[in-house]
Amino acid sequence: MYCDLPQIYNLGLETPDGNEEGALTLLEKMRRIPTFSCLNYRKDFAFPQKLLEGEQVQKAQAVAVLHEMTQQVFNLFSTQEASAAWNQTLLDTFLTGVYQQLDDLKACGTQQVEVEEAPLRAVRKYFHRITVYLKEKKYLPCAWEVVRAEIMKSFSSSANLYGRLRSME
């Protein structure tokens, strides 16, 4: 499968030209309360790290996994609850960048290539656990802080996979 992968600017710290902040920087700025004050809220969401590691990850599969993760992040932060929890300007900028990345990945994945469903299902289950957690914690600020930190971790892993994919081109 040939695909010109889109730039990963919005997963990183800034755009290539340095004029815009990337998703990780925006997520960092979105912090409203110190993470250490939410230690009682910590939870292991069982991020499917193995999906993003390994040298044998096929490009089509990796693009599908990145697309699914990006879609799930967009869905999570597009809710009314997210809008109530975060600074609206930062959230809008974050969502615009995530949407652009999603759009680019969608264009990249338009070739009809068979991908395994199991990795995509693992990503969906991971985000389902996050959503259930937020509901159980009634979308309290500390619950959102735990989720914000978790999404930063998943974006970092995604950025590593993305870098490996770009080096395959």
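The values are calculated or read from the model by the stated rules, or taken from the named source; none is laboratory data. It should be emphasised that the depicted structure is a prediction, and the values quoted were computed from it without experimental measurement. With ideal geometry, Cβ positions are generated from the backbone for all residues, glycine too; neighbour counts draw on all protein chains shown.
Quick notes on this structure:
- Positions within the stretch 100-136 being at pLDDT below 90 and surrounded by fewer than 16 Cβ atoms within 10 Å (Cβ to Cβ), in sequence order: Gln100, Asp103, Lys106, Ala107, Thr110, Gln111, Gln112, Val113, Glu114, Glu116, Glu117, Ala118
- Residue match in the stretch 71-85 (condition: surrounded by 17 or more Cβ atoms within 10 Å (Cβ to Cβ), touching an Asp or Glu at 6+ places or on another chain (Cβ under 7 Å), outside any loop (DSSP other than H, G, I, E, B) and not charged (D, E, K, R)): no
- Residue in the stretch 137-169 that is modelled with the lowest pLDDT, counting only those that are in a helix (DSSP H, G or I) and aromatic (Phe, Trp, Tyr): Tyr162
This table checks each residue for (1) modelled with pLDDT of 85 or more; (2) touching a Pro at 6+ places or on another chain (Cβ under 7 Å); (3) surrounded by fewer than 20 Cβ atoms within 10 Å (Cβ to Cβ); (4) closer than 28 Å to Glu114 by Cβ.
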{"residue": "Asp17", "(1), (2), (3), (4)": "no, no, yes, no"}
{"residue": "Gly22", "(1), (2), (3), (4)": "no, no, no, no"}
{"residue": "Arg32", "(1), (2), (3), (4)": "yes, yes, yes, no"}
{"residue": "Tyr41", "(1), (2), (3), (4)": "yes, no, yes, no"}
{"residue": "Asp44", "(1), (2), (3), (4)": "yes, no, yes, no"}
{"residue": "Leu52", "(1), (2), (3), (4)": "no, no, no, yes"}
{"residue": "Glu55", "(1), (2), (3), (4)": "no, no, yes, yes"}
{"residue": "Gln58", "(1), (2), (3), (4)": "no, no, yes, yes"}
{"residue": "Leu66", "(1), (2), (3), (4)": "yes, no, no, yes"}
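- Within the stretch 76-92, residues that are within 13 Å of Arg148 (Cα to Cα) have Cβ atoms under 9 Å from residues that are among the polar types (S, T, N, Q) and part of a helix (DSSP H, G or I) in these pairs: Leu76/Thr131; Phe77/Ser83; Leu91/Ser83, counting only partners at least 6 apart in sequence or on another chain.
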